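Have a look at the structure below before the remarks.
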Amino acid sequence: MDQVMSSSEVMHIRDQGAEHLSHETVKKLVKQSQEAKRQSYSPYSKFRVGAALLTAENKVFTGCNVENACNALGLCAERTVIVKAVSEGHRCFKAIAIASDLEDKVISPCGGCRQVMREFGSNWDVYLSKPDGSYVMMTVDELLPTSFGPEDMMSHVSDVTNAS
Ligand code: THU
């Protein structure tokens with residue numbers, strides 16, 4: 001049981017409707033994700049990705065992809081930045097902007113990163129950008145519909161508790 005989070009731990013999750021950001025704020029967040037991309041450690045794929053995460057307290061964290069000679073250990077930019085923020089005490093997020101070098105289409109987060117975003121709520125904004133600064137906004141729920149999340153674990157835990 002102790003590896004399962006308690007209900008007080010999931011209470012932090014902001015899931016009651018995202019207020020969308022102004023165009024100016026998004027532009028700034030996209031720029032910060034582009035700057036973060038410059039730190040990308042991607043000697044194997046040469047595919048640079050940066051991310052900028054805006055917390056509920058309006059603090060911005062940035063991160064990039066960090067690859068490894070042992071391929072499976074590489075970390076996407078989105079996961080890097082979420083781990084940075086959570087490890088510094090932030091669990092409520094308004095938005096994340098993602099940048100890559102793809103010119104013709106916006107960068108789209110991998111399935112694993114969608115699930116990691118979803119851990120911290122399904123109703124917050126993901127800005128998928130291009131190098132020219134243009135972007136598309138999708139919510140976490142749109143990127144990962146009918147998802148499995150912490151609430152499902154909580155109801156499972158209470159079912160198990162009530163069963164005996
Ligand atoms: N990558 C990210 O960091 N984020 C994405 O949204 C897509 C892919 C990284 C993982 C790997 O380092 C490289 O891009 C190629 O897949």
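The values are calculated or read from the model by the stated rules, or taken from the named source; none is laboratory data. Only a predicted model underlies this, so the values are computations on that prediction, with no experimental measurement involved. With ideal geometry, Cβ positions are generated from the backbone for all residues, glycine too; neighbour counts draw on all protein chains shown. Quick note on the areas: whole protein, heavy atoms, side chains included, nothing else; ligands and nucleic acids left out. Shrake-Rupley method; radii C 1.70, N 1.55, O 1.52, S 1.80 Å.
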Query raised in the report: Is there a residue being over 18 Å from residue 23 (Cα atoms), more than 8 Å from the ligand (Cβ to nearest atom) and surrounded by fewer than 14 Cβ atoms within 10 Å (Cβ to Cβ) anywhere in segment 54-65?
Result: yes
**Report entry** Qualifying positions in segment 37-47 - surrounded by fewer than 16 Cβ atoms within 10 Å (Cβ to Cβ) and among the basic types (Lys, Arg)
**Finding:** 38, 46
Query raised in the report: Within the bounds of segment 85-93, is there any residue that is of a type outside the set (S, T, N, Q), within 15 Å of the ligand (Cβ to nearest atom) and modelled with pLDDT of 95 or more?
Result: no
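Can you tell which of 83, 116 is of a type outside the set (Gly, Ala, Ser), within 11 Å of the chain's Cα centre (by Cα) and open to solvent by 70 Å² or more (accessible area, probe 1.4 Å)?
That would be 83, the only listed residue that is of a type outside the set (Gly, Ala, Ser), within 11 Å of the chain's Cα centre (by Cα) and open to solvent by 70 Å² or more (accessible area, probe 1.4 Å).
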Query raised in the report: Among the residues of segment 120-138, is there at least one that is farther than 21 Å from residue 27 by Cα, in contact with a Phe, Trp or Tyr (Cβ under 8 Å, 6 or more places away or on another chain) and either at pLDDT below 95 or open to solvent by less than 20 Å² (accessible area, probe 1.4 Å) (or both)?
Result: yes
Requested in this report: Take residue 34 and decide whether it is part of a helix (DSSP H, G or I), of a type outside the set (A, V, I, L, M, F, W, C), open to solvent by 10 Å² or more (accessible area, probe 1.4 Å) and touching a residue at least 12 places away in the same chain (Cβ under 8 Å).
Outcome: yes
